[in-house]
Each structure stands twice: as C-alpha cells, then as structure tokens.
Amino acid sequence: MSEFKVVITDLGYASYQPEKDELAAVDAELVLAECSTEDEVAEACADADGVINRAAPVGSAAIDRMSRCRVISRYGVGVDTIDIPAATAKKIIVANVRDYCDEEVSDHALALIMACARKTSIRDRQVRAGAWDVGAKNPVYRIAGKVLGLVGYGTIARTLHRKVAGFNLSEVLVYDPYVEPEETAKNGARSVEMDELLANADYISIHAPLTDSTRHIIGAEQFGAMKPTTILVNTSRGPLVDTDALYEALTTGQINSAGIDVHDPEPPKKDCKLFGLDNVVLTDHAGWYSEESQLALQQSAARNVALVLAGKKPLFCVNPEVLK
C-alpha cells in the first residue's frame, strides 16, 4: 500500500505518466478523478494527502472536507479555481506552475495581434468564398510606429515585450500598479495609468490575473476611451473583459478588432454573440499549449505535490504564510 494518496480532480491529457513518475519518488498513489462540481471534488479528495487541480472548482466546502490534505497544486499560473483563504485557514499549501508557458502565451498573443492587424483570418474566409482584392473593405494599417499597451507586466508580458522589439514600435506602455516605473523603464517601456494606456495604445494585450478587482477591467467605459483603430488581445482570463461590452465595441466601430483566446464562460455557449463577427479572431484557450509546455506543466504540478509530501517547499507557493 502506498504511503500517500494524490488525486487529480479533473482530466485533460492523454497520459498521466509524467505525474506518476514524479510522485513515485514519495511512494504516492495517483488517483484520476473526473469532477465537474464542488461536491464531486469534495467526495474525491476527502482523504487525499495531495490534490492536483485543472479546472474543477475547489471551493471552501470541498476544502473543509479534506481531512489529510497538505497541498493543492494547480495545472497553470492562475489559481482562481481554488479558494485560497479557505486553504490557508486549514494550513494547506496552494502551489501553481508559473514558468511553463511564457514563450507559448506570448507567441499566441503576438499571433493574435498579427492576425487582427493583417486581417489574415477574414482574408482567408473571403478568398475561399471567391473574393479578391478586398483590401479597401478591410483596411490594414502599418505596425511600425504604433503603440503597444500591456495591461499587466508579469513574465509573459515581458516576454511579449522582448519579442516585439523588431517591429519598430514607437512606444510600449505598461499599466501594472504592482510594478515600479523604474522596472518598466529598465526594459524600455513606460508605466502609465490605465486612462493613458487606453487613449494612446494601438494594440492592447491583457496579461493580468483574475481577481475581484480585475474582473471586467475592460468594459464599456474602457472601450469608449480607445481609438477606433485599436486592436484588443486577451490571452489571460476571459472575465477580465466584459463580453457584452466587447461585442458592442466591435459592432459599433469603437475598436477595430479583437483576438480572444480566453472566454467567459469556457467553453463559450453555442449562441455566443462573438461567433457572428468577422472582426474578432477566436481560439480555444490554447495560448499555453505546445508539446513542450504541456510536459513541463504536468511534471511541475506533480513535483509541487511530491516536494511538499517530502517535507520540502513547492516550486511555487501561492500562500507562503502557510510555510512559516
């Protein structure tokens, strides 16, 4: 019989051998659950020593049922699926994986900016339908000399900043109240308030975490402050953008176009308003993905648990006060 029990709350990968390999070092049994509700999480994880979470809700009721749990590790950077205060109150370490997809998400954000700026998706559909020489109907603007605005300036945003260096942009503006202006200036960007970023940026890429204070950080008021030529890209979390306000902005010409990888809800409903628009490029929360990043994600999420069960610190801790 294994010394520890580790439960994966919900599945999404073809193989879980990477997790098994990591957990073998601490003699942990890996249990694969397929939970979609908090009640199911509570039932599956009641006697678990460690939990690995993907998208299932790990709320206070589920955490309250956990009698032995020492660590909850999330596949990914964001931890909005987990009730952090409830876990902290029970002295359960919450860990995440912060370094597995910086290249992939920044690549995806850049790809969405380019797809919107060059109108590649709509051109593809038009050419397939027999159209030709359609530039006048969908004007394209030069990228050089434009302004990029970054909402949030964590590792992914900084990686994107590095990648746009060759585009000869006139300026990169950053809104992030948690980053000192000297830090952004060191990287060749300028820290500004949100109002200034919205009014001046030609391309706005969102890289903020989802919290109570950032939910709908881009809504009707913010769209109204943007240029009619602005392109908005979101590769962070769907609820950061008010979808109804985005639809209004795209249909009334408040902004030029948008590239959206993350949605609210996920997956979007079949009658999602955005599906009928030509000036939005939609992807399926795939910004994080490459074969390399998926392997790193699975390994690191499991390694967080293995380290804690071995009496050590996880790779990344969301509630470090529990470690004291």
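The values are calculated or read from the model by the stated rules, or taken from the named source; none is laboratory data. Just so you know, these numbers come straight off a predicted model, no measurement behind them. Heads up, the Cβs are rebuilt from the backbone with ideal geometry, glycines too, and the neighbour counts pull from every protein chain shown. The protein model used for the area step is the full one, side chains on, heavy atoms only, and it has no ligands, DNA or RNA in it. Shrake-Rupley method; radii C 1.70, N 1.55, O 1.52, S 1.80 Å.
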Quick one: with all protein chains in place, what share of the accessible area of the stretch 163-251 is carbon or sulfur, to the nearest percent (1.4 Å probe)? 47
Selection from Asn138, Pro267, Val26 lying farthest towards where the dipole of the chain points positive, charges on Cβ: Asn138
Could you give the distance between the Cα centres of the stretch 156-202 and the stretch 261-291, to the whole Å? 26
Taking the mean number of other Cβ atoms within 10 Å as a proxy for protection, how do you rank 246-259, 43-56 from highest to lowest? 43-56, 246-259
[x] 21.1, 67; [y] 19.1, 61; [z] 21.5, 70, with the label sought being that of the calculated Rg and Dmax of the Cα atoms in Å: [z]
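When the accessible area of the stretch 282-324 is computed with all protein chains present and a 1.4 Å probe, what percentage of it is carbon and sulfur?
54
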With charges set only on the Cβ (+1 for Lys and Arg, -1 for Asp and Glu), what does the dipole of the stretch 249-316 come to about its Cα centre, in debye to the nearest 20? 420
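Can you give the helix-only mean residue ellipticity at 222 nm for the chain, where every DSSP H stretch with n ≥ 4 adds -39500 (n - 2.57) and the sum goes over all residues, rounded to the nearest 500 deg cm²/dmol?
Computed mean residue ellipticity for the chain: -9500 deg cm²/dmol.
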Ala46 and Ser2 label points (each 7 Å along its Cα→Cβ direction) are spaced in nm at 2.0
Mean Cβ neighbour count within 10 Å, used as a protection proxy, ranking 7-17, 64-74 highest first: 64-74, 7-17
Mind pulling the angle between the C-alpha long axis of helix 291-309 and the longest principal axis of the chain? Nearest 10 degrees, somewhere in 0 to 90. 30
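What is the stretch 1-74 by shape, rounded, prolate or oblate, if you read a ≥ b ≥ c off the alpha carbon gyration tensor as root eigenvalues and call it rounded for a/c under 1.5, prolate for a/b larger than b/c, and oblate otherwise?
oblate
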With the other protein chains left in place, how much accessible area per residue, in square angstrom, belongs to the chain at a 1.4 angstrom probe? 48
Multiply the residue separation of Thr155 and Glu180 by 0.36 nm, subtract the distance between their alpha-carbon atoms, and state the gained length in nm to one decimal. 7.5 nm
What's the extension gain from Thr251 to Leu11 if we count 0.36 nm per residue and subtract their Cα-Cα distance? 82.7 nm
Once you put a point 7 Å from the Cα of Leu32 and another 7 Å from the Cα of Ser213, both along the Cβ direction, what distance in nm separates them? 4.1
